[in-house]
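So the structure is just underneath, and the comments pick up after that.
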Amino acid sequence: MRHAYTPTLPELQAFCAAAREGSATHAAAALGLTQSAISRALGSLEARLGVRLFHRVRQRLVLSDAGRAMFPEAERLLADLDSAALTVMAFGGHRDVLRIASLPTFAAVWLIPRLSRFAALAPNVTFDMSATLGPLDFERDPRDLAILRGAPRGRGIRSETLLEERLVVVASAALLPGAEPLEDEALARLPLLQQATRPNLWLDWFLDAGLDPITILRGARMEQFGMVLAAARAGLGVALVPEILVRGELASGTLRLASRRSMVTGTPYALHYPERSEEIAAFRSFRDWILSEARATGQ
């Protein structure tokens, strides 16, 4: 239900154009309208809100205090509307859209390269994919599923384990002194790349080895595993990362194992979804497909 005080789209467009351009004439030119149309829209908006949005100063439109308060929010609303329209247009003729949230590096390295296989099975399904590092509130976010680590949060959320997380230590060949992997004592003397959102990784690694971890915070700090891997490839340090994210680099020789050890974190990658998603045929197909892909990966 639209309230009487809610601005119309033409009013918001006229207001934002006038605020940017500083005159009704220039705003009209920017929107492809007449000056009188802009003036009517501004007058209608001010009457609707009961406040003056502009001061008329020497044929210039200068925002009032109320106008300055409204301008950034009005621009944001128009930008959001434009973005929503472009998003819907991108769906094209596809009948079904799956809204997916995923850990960013997992999506880039593991999920997206495999999506063409799902597209071949379900050509009428397309994706609206976003990155997330934390738990998702499915009651507020319209995502159909999320791929995260750990147990789901919230009522009515179901979970399917995809892959165990096994950490390995990798580095560029230029950083390693010899052909053989290093023992932990030698490893600790190298720059250790830090993952900002999981700062305890190296601590857990060296505690698991029974070593004093006092020196483990040396090294560049990166926000995501994708950045950590880029830094490792550039020779900036040694990376402690999930093995499934570096299989390609290890196979090609871009990165080498820097330790013979590995460590299972006990917190697997999992598919989380609200109960309502089970009513979506495209989701059911995707769930079956990704579970099959995960089983093949783990073999």
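The values are calculated or read from the model by the stated rules, or taken from the named source; none is laboratory data. Just so we're clear, the structure is a prediction, and the values are computed from it rather than from any experiment. Ideal geometry is used to build each Cβ from the backbone, glycine not excepted, and the neighbour counts take in all protein chains shown.
Tell me which helices (runs of 4 or more DSSP H) are completely within the stretch 221-299 and hold 3 or more residues being surrounded by fewer than 15 Cβ atoms within 10 Å (Cβ to Cβ), or say none if there are none. Don't jump to the end; show me each part of the working.
On the way: elements: 225-233, 247-252, 281-298.
Answer list for the stretch 221-299: 247-252, 281-298.
With the structure loaded, tell me whether S44 is among the hydroxyl-bearing types (S, T, Y) and over 41 Å from the mean Cα position of the chain (by Cα) or whether it fails that test.
Working: among the hydroxyl-bearing types (S, T, Y): yes; over 41 Å from the mean Cα position of the chain (by Cα): no.
It is false that S44 is among the hydroxyl-bearing types (S, T, Y) and over 41 Å from the mean Cα position of the chain (by Cα).
Looking at G266, is it within 21 Å of P152 (Cβ to Cβ) and either within 22 Å of the chain's Cα centre (by Cα) or not hydrophobic (A, V, I, L, M, F, W, C) (or both)?
Values: within 21 Å of P152 (Cβ to Cβ): yes; either within 22 Å of the chain's Cα centre (by Cα) or not hydrophobic (A, V, I, L, M, F, W, C) (or both): yes.
So G266 passes the test.
Hey, can you tell me all the residues within the stretch 126-143 that are assigned to a loop (DSSP other than H, G, I, E, B), among the hydrophobic types (A, V, I, L, M, F, W, C) and crowded, with 17+ Cβ neighbours inside 10 Å? Full working, then the answer.
Narrowing the stretch 126-143 to residues assigned to a loop (DSSP other than H, G, I, E, B): 132-143.
Cutting the leftovers down to among the hydrophobic types (A, V, I, L, M, F, W, C) gives us 133, 136, 138.
Those that are assigned to a loop (DSSP other than H, G, I, E, B), among the hydrophobic types (A, V, I, L, M, F, W, C) and crowded, with 17+ Cβ neighbours inside 10 Å: L136, F138.
What number of residues in the stretch 192-219 are part of a loop (DSSP other than H, G, I, E, B), touching a strand residue (DSSP E or B) at 6+ places or on another chain (Cβ under 6 Å) and at pLDDT 80 or above?
Number satisfying all stated conditions: 2.
What single numbered condition from (1) within 26 Å of E223 (Cα to Cα); (2) in a loop (DSSP other than H, G, I, E, B) fails to hold for P123?
It fails just one condition, (1).
For the stretch 144-156, give me each residue that is at pLDDT below 90 and buried (at least 19 other Cβ atoms within 10 Å of the Cβ). First the steps, then the outcome.
Let us first name the residues in the stretch 144-156 that are at pLDDT below 90, namely 150-156.
Residue satisfying the conditions is P152 alone.
What are the pairs with Cβ atoms under 7 angstrom where one residue, in the stretch 145-164, is β-branched (V, I, T) and the other, located anywhere, is part of a loop (DSSP other than H, G, I, E, B) and modelled with pLDDT of 90 or more? Sequence gap at least six, or different chains.
As it stands, the answer is I147/L103; T161/P268, since those pairs meet every condition given.
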